[in-house]
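The values are calculated or read from the model by the stated rules, or taken from the named source; none is laboratory data. Bear in mind that the values here come from a model prediction, so they are computed numbers and not experimental data. In this analysis, Cβ positions are derived from the backbone assuming ideal geometry, glycine residues included, and neighbour counts consider all displayed protein chains. Each accessible area value is taken on the protein alone, full model and side chains, heavy atoms only, with ligands, DNA and RNA left out. Shrake-Rupley method; radii C 1.70, N 1.55, O 1.52, S 1.80 Å.
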Amino acid sequence: MPGAIHTQPIQERLDWLLNLSRKHSQQFCDPENYLARQRYQAEHPTHIIALKCMDGRLHLPHATQTPLGIIRPFRNLGGIFDLGWPYMGDLLEQSVLEAIQQGRRVLIIITYHYSRGEPSRGCAGFDCNREAALEHAREIRQQVEAIFGQGHQTVYPLVCGFETDEDALILHSSDDQQLDLSTLTEEAVESLPARLEKLLPDMPAQVRHDFLPLVEGNIRHVREMRSLQRKLDIEHREWMICVGRGFDFLHAPNVALIIGPYSPDLSDPLLKAAGIIRNNMEKGRIPDDGFLLLSSAPYVEPGPDAARAELKARFMADFSARVIEEALPELGQKMIRRTATLHWPTRRLNLLD
């Protein structure tokens, strides 16, 4: 059970993680799941990208009940991005252009998060200031428009809040109208298409059709969350820091702080993540017998592509470990390092050490 794994000794947590990755690869490659994924994408062809915080509570597939592999995530501290960052901009453009060349539109969900019940459970990247986080999301939307156009007929940027107490989404229109999905009842689902069209009139009909399952899934998810005990879920209890790309198999919320290799300065999100891990230990939310630093880089083809991924993963592991050990030496002594590459077509994690 994901809820119980946080209390287990570190070795049992590591075994659980590797087992999770193996099961995810097996399920991803299973013929039935493969065909179901292909069918879903045929029925909902819009390519969905999510820009979001490294916070382990922000798990969009979980919160929208969306099949894994549909939403393409980009993660960084606080959901803080700058599309002028060379690597970030290149990856985003590549992802968008590949979809367009396949005749698909693109929905870029730009997220920020906060806690309605306790502001201190908000986003550490913005010192728990919801308005500052929202303003940054709007700035990213403007950057997307500067790159891909303001007509929104091919690439649609959507600012979306994530309220972590109930995992509820808050949709923002370009003119600052809002739709808080936690306020909608089951009966309101029938009127959702009309509500979305009114809120987002410039969203293409196909994109709106493909976004609707995520909205409906979130409404169901919020209703389910209200019937559960959420005390542990709404607080940080992550016990690993993941650096790089290829962590889709971590589909349990509040397990990992995931830092994408996008910012030219990775030390800031690394230190924030390490501080969260240390605080989790001090507050007794996780055992203090160790935490995991997992570095990963994906590859598609054998040969140079795989070799380059190994070099990237090892560099990120060495860099991340050095930053944490120099700034937080006591925590560094509790660090367990694992370095891996991920075969993207099969989602297979290959441990290097």
**Item:** Residues of region 85-122 classified as within 30 Å of residue 279 (Cα to Cα), open to solvent by 70 Å² or more (accessible area, probe 1.4 Å) and touching a strand residue (DSSP E or B) at 6+ places or on another chain (Cβ under 8 Å), total
**Value:** 1
**Filter result for residue 7 (open to solvent by 60 Å² or more (accessible area, probe 1.4 Å), of a type outside the set (Asp, Glu) and touching a residue at least 12 places away in the same chain (Cβ under 8 Å))** = yes
**Members of region 282-314 found to be in contact with a helix residue (DSSP H, G or I) (Cβ under 6 Å, 6 or more places away or on another chain) and open to solvent by 10 Å² or more (accessible area, probe 1.4 Å), listed by number** = 288, 289, 299
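Go through region 142-166 and give me each residue that's part of a loop (DSSP other than H, G, I, E, B), more than 20 Å from residue 210 (Cβ to Cβ) and open to solvent by 10 Å² or more (accessible area, probe 1.4 Å).
Narrowing region 142-166 to residues part of a loop (DSSP other than H, G, I, E, B): 149-154, 164-166.
Those still in the list that are more than 20 Å from residue 210 (Cβ to Cβ) too: 150, 164-166.
Once the filter is applied, which keeps residues that are part of a loop (DSSP other than H, G, I, E, B), more than 20 Å from residue 210 (Cβ to Cβ) and open to solvent by 10 Å² or more (accessible area, probe 1.4 Å), region 142-166 yields 150, 165, 166.
So which residues in region 1-52 are hydroxyl-bearing (Ser, Thr, Tyr) and either closer than 15 Å to residue 256 by Cα or not in a helix (DSSP H, G or I) (or both)? First the steps, then the outcome.
The first filter runs over region 1-52 and keeps only residues hydroxyl-bearing (Ser, Thr, Tyr), leaving 7, 21, 25, 34, 40, 46.
Hits for region 1-52 are 7, 21, 46.
Criterion first (over 19 Å from the mean Cα position of the chain (by Cα), under 19 Å from residue 56 (Cα atoms), open to solvent by 20 Å² or more (accessible area, probe 1.4 Å) and among the small types (Gly, Ala, Ser)) does residue 275 satisfy it?
So residue 275 passes the test.
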**Item:** Filtered residues of region 320-351 (kept if touching a residue at least 12 places away in the same chain (Cβ under 8 Å), of a type outside the set (Ser, Thr, Tyr) and open to solvent by less than 50 Å² (accessible area, probe 1.4 Å))
**Value:** 321, 323, 324, 328, 331, 335, 336, 340, 342, 343, 347, 349
**Asked** Which number in (1) over 13 Å from residue 253 (Cα atoms); (2) out of contact with any helix residue (DSSP H, G or I) (no Cβ under 8 Å at 6 or more places or on another chain) marks the one condition that residue 52 misses?
**Response** (2)
